[in-house]
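Reading through the structure tokens given below for one structure.
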Amino acid sequence: MKNLLRISIFLKPYAWQTIFTLVMLLTLTGFNLAVPRIIQSVIDDGLLVGNTSYLVRAALLLLALGLASAVLGLGNRYLSEWIAARVGYDLRNRMYDHIQYLPFTYHDHAQSGQLISRCIEDVRSIEKFAGSSIAEIVRFVLLTIGILFVMLSVNVKLALIALLPMIPLILMTASFGTKIGRLFFAVDSAVGEVSNRLQENVTGVQVVRAFAREQYEIDRFEVANKDVFTKWIRVIDEWAKIMPTTNWLTTLGTILILFFGGVMVMDGVLTIGTVVAFNAYILMMAEPAQALTGLVNAGGEAAAGAQRVFEVLDTEPDIKSKKEAFVLSTLKGEVEFKNVSLKYQNEKIPSLSNLDLKVKQNRIIALIGPTGSGKTSLVNLIPRFYDVSEGAVLVDGHDVRDLELTSLRKQIGIVLQTSLLFSDTIKANIAYGRPDASDEEIFAAARAAQAHEFITGFTQGYETVVGERGVTLSGGQRQRVAIARALLMNPRILILDDSLSSVDTQTEKLIQAALDTLMEGRTTFVIAHRLSTVRRADMILVMDKGQIVERGTHDELLRRGGLYKEINDLQLIQHVDLQDEEKIEMIVPEKEGHENTIMSRNSNSR
């Protein structure tokens with residue numbers, strides 16, 4: 001319930017519309033309460049007396065009330081739905097905006113399908129409740145208060161008899177509301193899991209096809225989908241139990257009025273018109289009373305949705321700018337790690353331990369080492385994607401935790417291992433970090449990244465729309481567009497996280513030649529597995545188990561003979577083996593295995 005009450009903060013901007021809606025509901029309630037009294041008067045003062053003119057006046061009055069109620073009802077319905085749509089609009093925006101600033105530590109554990117479900121399905125249930133459901137609840141409350149007042153003022157005894165069935169109805173509805181909230185939370189969680197299964201399958205469709213796991217994924221989805229069905233059946237079970245009972249109790253109220261009211265008429269205590277009016281009031285209350293369980297049902301669904309929505313909104317970003325953060329106008333590019341340790345959430349062993357490193361501006365730093373040695377963790381601390389567990393990361397002498405995040409990240413260019421492109425034009429993807437860049441600047445960045453030639457080869461050139469995540473481009477093409485995107489920002493610090501892993505050797509040499517020029521005048525961190533891309537670095541850092549185990553230039557590290565030399569020798573052996581295989585293929589006589597040689601060459605060409 002408290003989560004439903006919190007939705008009221010989204011109604012504050014629309015206070016006047018809300019007040020106007022309540023005024024219309026109050027007026028409508030007054031009109032509805034007047035109708036049974038008019039009918040009572042028609043019977044007692046018109047029909048029984050034979051006053052024809054009174055009947056005409058009463059008919060005209062009822063017609064006027066009906067027309068006024070229709071106009072007010074239309075206005076009330078439109079305005080309440082408008083408010084609900086605005087609440088949904090604002091809530092979706094708030095959710096999306098908040099998610100943008102949640103740290104990597106949150107996204108490392110959150111399922112994207114669940115987040116999508118909360119932004120769409122859960123907000124939809126809140127929006128639905130904020131519209132017609134709240135209006136109906138307010139109408140029911142006003143109508144009930146009005147009917148109680150009128151009936152008690154006419155005849156207390158008959159009023160209490162008529163309202164007896166309402167007591168168990170209210171108790172049952174309260175119990176139903178408590179159960180239904182928990183059940184709907186389970187349904188929403190199950191729907192989120194279905195959304196997550198779908199999102200994972202669409203994202204990994206190539207892997208699914210490659211391993212012929214379509215049936216496995218179908219079975220997984222069926223399990224999640226069946227869970228939604230099972231939980232929905234539990235909701236329906238509760239609904240099916242209460243609905244017949246609700247109908248029976250409201251019918252019982254009518255029976256009690258007709259019996260005891262009829263006895264009172266025969267005793268001369270009441271008039272026939274009064275009994276008819278009482279019955280009309282009970283029937284008037286019966287419709288919203290019967291709908292009350294539906295409203296509680298909608299409230300339970302909205303409460304569950306609100307709980308899931310506020311779970312996200314209540315998550316405070318633990319990485320954000322301080323109130324008086326220092327704004328970096330121009331970055332020099334000096335970076336220092338002082339006794340840095342980093343331990344991720346739910347991690348027993350730290351990813352980085354007691355690391356010290358000082359990098360002067362305009363230097364090229366290469367990081368190599370086994371997978372999981374901490375290379376990416378190290379560079380992720382510079383733009384403050386994560387905060388250190390111990391120590392400090394300094395940029396130009398400032399602790400990154402004291403800097404305004406946007407001013408820091410705007411001056412850092414990053415090309416990640418996975419080159420994510422958005423479903424937009426190639427031009428828009430390159431200009432993502434600088435949407436105000438001129439065409440000449442975009443073309444220059446593309447040329448520097450060796451991407452201009454393949455881009456102009458498309459029919460629409462730079463206006464070519466790439467598919468979701470850039471799937472219409474090859475891995476090497478996506479990587480070159482990502483490099484162009486980073487270079488366009490003209491960053492003072494450039495981070496290349498294994499950015500040449502998806503390009504062939506020839507393209508790597510072309511990009512490397514361009515990067516050698518572009519790296520001048522900026523501090524560059526290069527993570528690579530190929531030693532050919534790090535040999536010319538000013539300093540090579542060899543990492544292992546979260547520590548820098550060796551540092552120096554290429555020649556210095558080879559002379560020392562440590563892990564770097566082992567990696568170098570291993571890559572040399574692999575390179576020689578590949579060359580030997582190519583020579584063997586070339587000297588195999590065509591008459592012996594000619595077909596196999598051709599196939600081998602073709603497969604290598606791919």
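The values are calculated or read from the model by the stated rules, or taken from the named source; none is laboratory data. Note that this is a predicted model, so its numbers are computed, not measured. Here the Cβ positions follow ideal geometry from the backbone for every residue, glycine too, while neighbour counts run over all protein chains shown.
The sole residue among LYS348, LYS358 that is part of a loop (DSSP other than H, G, I, E, B) and not β-branched (Val, Ile, Thr) is LYS348.
Would you confirm, using the coordinates I've provided, whether SER112 is under 19 Å from the mean Cα position of the chain (by Cα) and either among the polar types (S, T, N, Q) or not assigned by TED's automatic domain parsing to the domain that holds GLY30 (or both)? Taking the combined requirement at face value, the residue satisfies it.
Within the stretch 278-326, take every residue that is among the basic types (Lys, Arg) and either in contact with a helix residue (DSSP H, G or I) (Cβ under 8 Å, 6 or more places away or on another chain) or at pLDDT below 75 (or both) and give me the one that is nearest to ARG92 (Cα to Cα). Talk me through it step by step, then tell me what you get.
Our first condition is that a residue be among the basic types (Lys, Arg); within the stretch 278-326, this holds for 308, 320, 322-323.
Adding the requirement that they be either in contact with a helix residue (DSSP H, G or I) (Cβ under 8 Å, 6 or more places away or on another chain) or at pLDDT below 75 (or both) leaves 308, 320, 322.
On the way: ARG308: 13, LYS320: 22, LYS322: 26 Å.
Checking each candidate, the answer is ARG308.
Counting only helices (runs of 4 or more DSSP H) wholly contained in the stretch 79-197, the ones carrying 1 or more residues that are at pLDDT below 80 and under 30 Å from PHE385 (Cα atoms) occupy 104-107, 112-117. Residue count for the stretch 77-98 under the criterion of being crowded, with 16+ Cβ neighbours inside 10 Å and either among the aliphatic types (A, V, I, L, M) or not assigned by TED's automatic domain parsing to the domain that holds GLN114 (or both): the result is 6.
In the set (1) touching a strand residue (DSSP E or B) at 6+ places or on another chain (Cβ under 7 Å); (2) in a loop (DSSP other than H, G, I, E, B); (3) not hydroxyl-bearing (Ser, Thr, Tyr), the condition left unmet by ASP436 is number (1). Scanning the stretch 364-393 for residues that are of a type outside the set (S, T, N, Q), free of Cβ contacts under 8 Å to residues at least 60 places away in the same chain and surrounded by fewer than 20 Cβ atoms within 10 Å (Cβ to Cβ) turns up GLY372, GLU390, GLY391, ALA392. Out of all the residues in the stretch 407-416, is one or more part of a strand (DSSP E or B), in contact (Cβ under 8 Å) with a residue 24 or more places away in the chain and closer than 18 Å to PHE337 by Cα? For the stretch 407-416, residues part of a strand (DSSP E or B), in contact (Cβ under 8 Å) with a residue 24 or more places away in the chain and closer than 18 Å to PHE337 by Cα: present. Among the residues of the stretch 420-479, those that are more than 33 Å from the chain's Cα centre (by Cα), among the charged types (D, E, K, R) and surrounded by 14 or more Cβ atoms within 10 Å (Cβ to Cβ) comprise GLU441, ARG447.
Restricting attention to the stretch 532-560, the residues being more than 19 Å from SER373 (Cα to Cα) and at pLDDT below 80 number 3. Going by the conditions given, is LEU394 in contact with a Pro (Cβ under 7 Å, 6 or more places away or on another chain) and farther than 23 Å from VAL481 by Cβ? Answer is no for this residue.
In the stretch 23-76, of all residues being under 24 Å from VAL269 (Cβ atoms), aliphatic (A, V, I, L, M) and free of Cβ contacts under 8 Å to residues at least 24 places away in the same chain, the one that is surrounded by the fewest Cβ atoms within 10 Å (Cβ to Cβ) corresponds to VAL49. LEU67 falls short on exactly one of the conditions (1) in a loop (DSSP other than H, G, I, E, B); (2) closer than 30 Å to ILE43 by Cβ; (3) aliphatic (A, V, I, L, M), and that condition is (1). Within the group VAL56, VAL42, which residue is part of a helix (DSSP H, G or I), more than 23 Å from VAL154 (Cα to Cα), β-branched (Val, Ile, Thr) and more than 45 Å from the chain's Cα centre (by Cα)? The unique qualifying residue is VAL56.
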